[in-house]
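Data first, discussion second: the structure below is written as structure tokens.
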Amino acid sequence: MNKSLLRYIPKEFKPLVVDIYEGNEEFNEVTGRSARELVVEWQNGERSVFANKTWAFKCLREVHFVEEFKEVEK
């Protein structure tokens, strides 16, 4: 796990991260820029792939809830 990438995860989600790493590099033909995907593996076994690091922070903050990624208790 690359702990320096945790800076792109909002603080309320950080305890739920099992693994975080950079994925493939994608080239955007419209903007002429490339961005590296951010891959996050969560406590509940899910794996999220975000288009880039900045998008990961914004998406988690505005779209997702902490409860989505918590481990399911049996």
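The values are calculated or read from the model by the stated rules, or taken from the named source; none is laboratory data. Model, not experiment: these values are computed from the prediction. Virtual Cβ from ideal backbone geometry, glycine too; neighbours counted across all protein chains shown. Remember, those area values only see protein heavy atoms, side chains included, never the ligands or the DNA or RNA. Shrake-Rupley method; radii C 1.70, N 1.55, O 1.52, S 1.80 Å.
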Could you work out how much longer the chain between Asp19 and Gln43 gets when fully extended? Use 0.36 nm per residue separation minus the Cα distance between them, nm to one decimal. 7.7 nm
Using only DSSP helix segments of four residues or longer, with each worth -39500 (n - 2.57), what per-residue ellipticity at 222 nm results for the chain after dividing by its residue count and rounding to 500? -4000 deg cm²/dmol
Per residue, how much accessible area does the range 1-57 have with a 1.4 Å probe, in Å²? 67 Å²
Report the normalised scattering of the chain as log10 I(q)/I(0) at q = 0.16, 0.21, 0.25 Å⁻¹, calculated by the Debye formula with identical scatterers on the alpha carbons. -0.56, -0.89, -1.17
Quick one: dipole size for the chain, taken about the Cα centre, charges +1 on Lys/Arg Cβ and -1 on Asp/Glu Cβ, in debye to the nearest 20. 360 debye
Residues in the range 36-50 that a label on Val72 would reach, taking backbone N under 20 Å of a point 7 Å out along Cα→Cβ: 40-49
Please report how many Lys pairs in the chain have alpha carbons closer than 24 angstrom, counting only residues at least 8 apart along the chain or sitting on separate chains. 14
On a 0 to 90° scale, report how tilted helix 53-62 is relative to the longest principal axis of the chain, with both axes built from alpha carbons and the result rounded to the nearest 10. 50 degrees
